[in-house]
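Comments concern the structure below.
The values are calculated or read from the model by the stated rules, or taken from the named source; none is laboratory data. What you see is a predicted model; the values in this text were computed from it and never measured. Backbone-built Cβ (ideal geometry, glycine too); neighbour counts: all protein chains shown.
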Amino acid sequence: MENILKLTQINKSFPGVKALSDVNLTVKKGEVHALVGENGAGKSTLMKIISGAYKKDSGTVWFDGKEIENTTPKQSEMMGISIIYQELNLIERISVAENVFIGRYPMKHGMVQWKKMYQDAQKLFDEYELKMDAHSLVRSLTMAQKQMVEIIKAVSINAKIIIMDEPTSSLSGKETESLFRIIRKLKSRGVAVVFITHRLDEIFEICDHMTVLRDGHYVGERDIKDITKDEMITMMIGRELTQQYPERTNPIGEVTLAVKNITDGSSRVKNVSFEVHKGEVLGFYGLVGAGRTETMRMIFGVDPLAGGEIFINGEKHVIRSPRDAIHFGMGFVTENRRDEGLFLRSSVRVNTVMVALRKILKKGFINYRIEADVAKKYVDMLHTATPSIDQKTMFLSGGNQQKVVLSKWLFSDSDIIIFDEPTRGIDVGARREIYEIINALVADGKTVVMISSDMEEIMGVSDRILVMYEGTIAGEIQKEDFSQDLITKYAVGERSVRV
Amino acid sequence: MKLKSNKNMFALIMDKLGSWSLLILIGVVMAFANSKFLTSSNILNVLRQIAVVTIGAVGVSFVILGGGFDLSTGMIATFAGCNSAALIVNHGWPILPAMLFAIAIGVVIGSINGVLITHMKIAPFICTLGMQYVVNGLILVTTKSVPITGLPEAYLYLGRGFIFDVFPVPVAIMLLFVLVGHILLKYTIFGRSIIAIGENEVAAKLSGLNVNLVKVAMYAFCGFCVSCAGIVLAARLSSGQPTSGADLSLQAIAAVYIGGTFQGSVVNTMAGALVWGFMNNALNLMNVNAYWQKVALGIIIIIAVLFDAFRAKLAMQKKS
């Protein structure tokens, strides 16, 4: 069959990171094509290059027999490339039909033909056997229904290819079934679908062909009928550990933090229990959306706990706010350091003392000399590269910003430090420094919990790994049993044990 | 290279001086344009004129730097002036308790603003707009829209007196408020917390600051400052005037914004009030029609805010 989309030798770099190197993707007309890879493999970047949201550095994109270059997302949509993101792009306050025809309302004498619009939209829904009223407000729909509206919108623009970014991640089993029904229907009409997913079963169920990306590289492509699940996993992860992780030999002590059956009241965190010890690095692995960050936010008091108990050094505590968590000796290096960790317009010194303002008081007033001494101490200790302690943190590189965030937790004497993706967006050299700091922390008798989506990192740094899958802890792996294969199996729900 | 270092120099000066440079500009231009401008009597006169606004603006600075907004300050000030006057004149209270009670009412109203905004999650703009009308109504109810006159000499001294027959008392009170406000903002945990919350509320919460409490306290403090301003205003006008403070809210906000909010401070707010006061004065001295003065003052606010944005942009670009 004829190709509808063909990408060859696509390259894309961001400052400090090579996101895609020589990536190929060929999608045939009327094919359901799986695009798979771990978190950070480059799937989203590739999608954005196809839509025109990102500009490629080099390579060619052929669509429908023509080479396309420098298109805007709007233009590519009009040419027939529709993308359905995980964050749906609908306007909640207006009707389904208006969303389908937004920007393309049927007009007559400069007036919108409302009746025609509703009829046309309803016709499309009926055609795809969707039980939906074109008049209903998007607000009143379920996540799955909203996704259908996006698909119908794509159909109404005569999309020739629809790219779906993890469409099933927020759907129930039944909803997934009806999504697949629609996909089969699209396929029968010659529309190609690119299906991004982590769930291997779904690939076998719905896809014809697959392309695998890993670390921004093209690994290969296969017909689904010729591949086994094990081969698929090997393609996704099959590589040796390349980065160097510093050795660690400190003893592991008693339990410092114990969490029993915590639940967030919805389905993002379900009965999570674990213990972590003094001097230990406990890794949390899982796919995006598995509930790792949500779990940590509840433990740190950012989001309310719907159920469960938290014990610190053997004592049960109620943590209602980050303030309480800090009081009990916890620190939280958040994933999003620019929005949640730092005061970007403020200097290194102001950021360093923010958690423990009390410690720089002298006779009840803030003492700027103590503040400066403290800031200097941590700049020296963590080797933060900054021209001075008065530098605004927005001008520091990612790695140095992370060190400033860390110094505020060190200065506040946190004993249990939670790191959420501590090396995201940080270059390789600075990463190693962060690992060394983590080692120094546990050697000093502190407890570290680290969330990471980087398989090598989590295996290189942790003493023990917990893998989360859909809000539960799917498995626990001791250091001697670490293997990419095992971790991946837990993470995609292939395997689970009660812990 | 030369050019670049010049640019950095310029950025640095702007960063340090801020709106004081506007004030210097007005001073230099007017020193040549009008011989009456740089006389001590003229300067003291301008200081007297801006004293009430500046006292209130100290409180408003805290609110705006803390990421909030307060439109009700003018009415809270008026309410405090009228309440203290009514307690003294109509109910025979001694001066000090009457003032303290009037100020306490202002603090309570400020706290209510704070609680509504933090705990009930009402947008500060709308919440304080509503509060402005509530307080306005209360003033009309309690005064029946009639000015309360016959205040004792000791009360009037706060607004009309002179220390050693030279230095105006309201200006002294203003300087005291600026000093205390400055210390509170720069040298206490409360002040640090306000700046942090104004910059990034999420990060402030995650850093363990008691965000809600600080925000309520900041509105309460604002209520305190503007109530004091209202009492000084009543003393200046020799009466509790039910309509006196209507313009105060916006003038105080203007002072804060002219002073600059990018690296805001109480001292900068005073600069903002001074720019406003001296600009007014300069236009008067040059016999500019009063209606056109309004236009000119409005333009000053816009220019000052543009200038602050420009300063912020320069500071953000400052790579090293």
Query raised in the report: Residue check: is B:Thr261 touching an Asp or Glu at 6+ places or on another chain (Cβ under 9 Å) and at pLDDT below 90?
Result: yes
Query raised in the report: Looking only at residues in region A:351-365 that are surrounded by fewer than 23 Cβ atoms within 10 Å (Cβ to Cβ) and either farther than 19 Å from A:Arg323 by Cα or more than 8 Å from chain B (Cβ to nearest Cβ) (or both), which one is farthest from the chain's Cα centre (by Cα)?
Result: A:Lys363
**Report entry** First in region B:82-110 and surrounded by fewer than 21 Cβ atoms within 10 Å (Cβ to Cβ), second anywhere and β-branched (Val, Ile, Thr) and part of a helix (DSSP H, G or I), Cβ under 8 Å, 6 or more apart
**Finding:** B:Ala86/B:Thr142; B:Ala86/B:Thr143; B:Pro94/B:Ile88; B:Ile95/B:Ile88
Report task. Sort through B:Ala309, B:Ala255 and tell me the only one that's of a type in the set (A, V, I, L, M, F, W, C) and within 15 Å of B:Phe177 (Cβ to Cβ). Result -> B:Ala255
Query raised in the report: Within region B:296-315, is even one residue touching a strand residue (DSSP E or B) at 6+ places or on another chain (Cβ under 8 Å), over 22 Å from B:Arg48 (Cβ atoms) and within 14 Å of chain A (Cβ to nearest Cβ)?
Result: yes
Query - Criterion: within 14 Å of chain A (Cβ to nearest Cβ), in contact with a Pro (Cβ under 9 Å, 6 or more places away or on another chain) and part of a helix (DSSP H, G or I) - qualifying residue of B:Lys186, B:Lys205 - result: B:Lys205
Query raised in the report: For A:Arg432, which of the numbered conditions (1) buried (at least 24 other Cβ atoms within 10 Å of the Cβ); (2) part of a helix (DSSP H, G or I) fails to hold?
Result: (1)
Query raised in the report: Any idea which residue in region A:327-338 is nearest to the other protein chains (Cβ to nearest Cβ), counting only those that are outside any loop (DSSP other than H, G, I, E, B) and within 26 Å of the chain's Cα centre (by Cα)?
Result: A:Phe332
Requested in this report: Identify, by number, the condition in (1) touching a residue at least 60 places away in the same chain (Cβ under 8 Å); (2) on the phi < 0 side of the Ramachandran plot; (3) surrounded by fewer than 19 Cβ atoms within 10 Å (Cβ to Cβ); (4) of a type in the set (D, E, K, R) that A:Glu87 doesn't meet.
Outcome: (1)
Requested in this report: Within region A:68-97, work out how many residues are charged (D, E, K, R), within 28 Å of A:Asp133 (Cβ to Cβ) and more than 22 Å from the chain's Cα centre (by Cα).
Outcome: 3
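So, B:Ser227, is that one over 20 Å from the mean Cα position of the chain (by Cα), more than 14 Å from chain A (Cβ to nearest Cβ) and touching a residue at least 60 places away in the same chain (Cβ under 8 Å) or not?
Considered against the rule, which asks whether it is over 20 Å from the mean Cα position of the chain (by Cα), more than 14 Å from chain A (Cβ to nearest Cβ) and touching a residue at least 60 places away in the same chain (Cβ under 8 Å), B:Ser227 comes out as no.
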Query raised in the report: In region A:58-100, which residues are under 23 Å from A:Asn3 (Cβ atoms), part of a loop (DSSP other than H, G, I, E, B) and of a type in the set (Asp, Glu)?
Result: A:Asp64, A:Glu69
Requested in this report: For region A:104-129, name all the residues that are closer than 28 Å to A:Ser188 by Cα and without any contact (Cβ under 8 Å) to a residue 24 or more places away in the chain.
Outcome: A:Tyr105, A:Pro106, A:Lys116, A:Met117, A:Tyr118, A:Gln119, A:Lys123, A:Asp126, A:Glu127
Query raised in the report: If we keep just the residues of region A:284-304 that are in a strand (DSSP E or B) and either aromatic (Phe, Trp, Tyr) or touching a His at 6+ places or on another chain (Cβ under 7 Å) (or both), which is farthest from B:Glu201 (Cα to Cα)?
Result: A:Tyr285
Query raised in the report: Just wondering, is there one or more residues in region B:250-259 that are among the polar types (S, T, N, Q) and under 16 Å from the mean Cα position of the chain (by Cα)?
Result: yes
Query raised in the report: What tally of residues in region A:305-326 results from selecting those that are assigned to a loop (DSSP other than H, G, I, E, B) and either at the interface with another protein chain (Cβ under 8 Å from one of its Cβ atoms) or among the small types (Gly, Ala, Ser) (or both)?
Result: 3
Query raised in the report: Out of all the residues in region A:136-143, is one or more touching a residue at least 40 places away in the same chain (Cβ under 8 Å), surrounded by 13 or more Cβ atoms within 10 Å (Cβ to Cβ) and among the β-branched types (Val, Ile, Thr)?
Result: yes
Query - Extreme residue, surrounded by the fewest Cβ atoms within 10 Å (Cβ to Cβ), among residues of region A:339-350 that are at the interface with another protein chain (Cβ under 9 Å from one of its Cβ atoms) and not β-branched (Val, Ile, Thr) - result: A:Asp339
Report task. Go through (1) within 29 Å of A:Gln391 (Cβ to Cβ); (2) hydrophobic (A, V, I, L, M, F, W, C); (3) more than 25 Å from the chain's Cα centre (by Cα) and name the single condition A:Ile319 misses. Result -> (1)
Query raised in the report: Which one of the conditions (1) in contact with a strand residue (DSSP E or B) (Cβ under 6 Å, 6 or more places away or on another chain); (2) charged (D, E, K, R); (3) crowded, with 21+ Cβ neighbours inside 10 Å does A:Lys160 fail to meet, given that it meets all the rest?
Result: (3)
Requested in this report: Could you tell me whether any residue of region A:164-183 is within 22 Å of A:Ile206 (Cα to Cα), in contact with a strand residue (DSSP E or B) (Cβ under 7 Å, 6 or more places away or on another chain), modelled with pLDDT of 90 or more and not aromatic (Phe, Trp, Tyr)?
Outcome: yes
Requested in this report: Please state which one of A:Thr71, A:Thr60 is out of contact with any His (no Cβ under 9 Å at 6 or more places or on another chain) and surrounded by fewer than 14 Cβ atoms within 10 Å (Cβ to Cβ).
Outcome: A:Thr60
Query raised in the report: Which ones in region B:189-202 are at the interface with chain A (Cβ under 7 Å from one of its Cβ atoms) and in a helix (DSSP H, G or I)?
Result: B:Ile189, B:Arg192, B:Ala196, B:Glu199, B:Val202
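In region B:167-183, which residues are of a type in the set (Val, Ile, Thr) and either within 14 Å of another protein chain (Cβ to nearest Cβ) or in contact (Cβ under 8 Å) with a residue 24 or more places away in the chain (or both)?
Matches in region B:167-183: B:Val171, B:Ile173, B:Val178, B:Val180, B:Ile183.
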Query raised in the report: For A:Ile389, which of the numbered conditions (1) at pLDDT 90 or above; (2) part of a loop (DSSP other than H, G, I, E, B); (3) within 9 Å of another protein chain (Cβ to nearest Cβ) fails to hold?
Result: (3)
Query raised in the report: Only one residue in B:Ala273, B:Ala290, B:Ala309, B:Ala304 is more than 19 Å from the chain's Cα centre (by Cα) and closer than 27 Å to B:Asn34 by Cβ. Which one?
Result: B:Ala290
Report summary line: In region A:101-151, anything outside any loop (DSSP other than H, G, I, E, B) and acidic (Asp, Glu) is listed as A:Asp120, A:Asp126, A:Glu127, A:Glu150
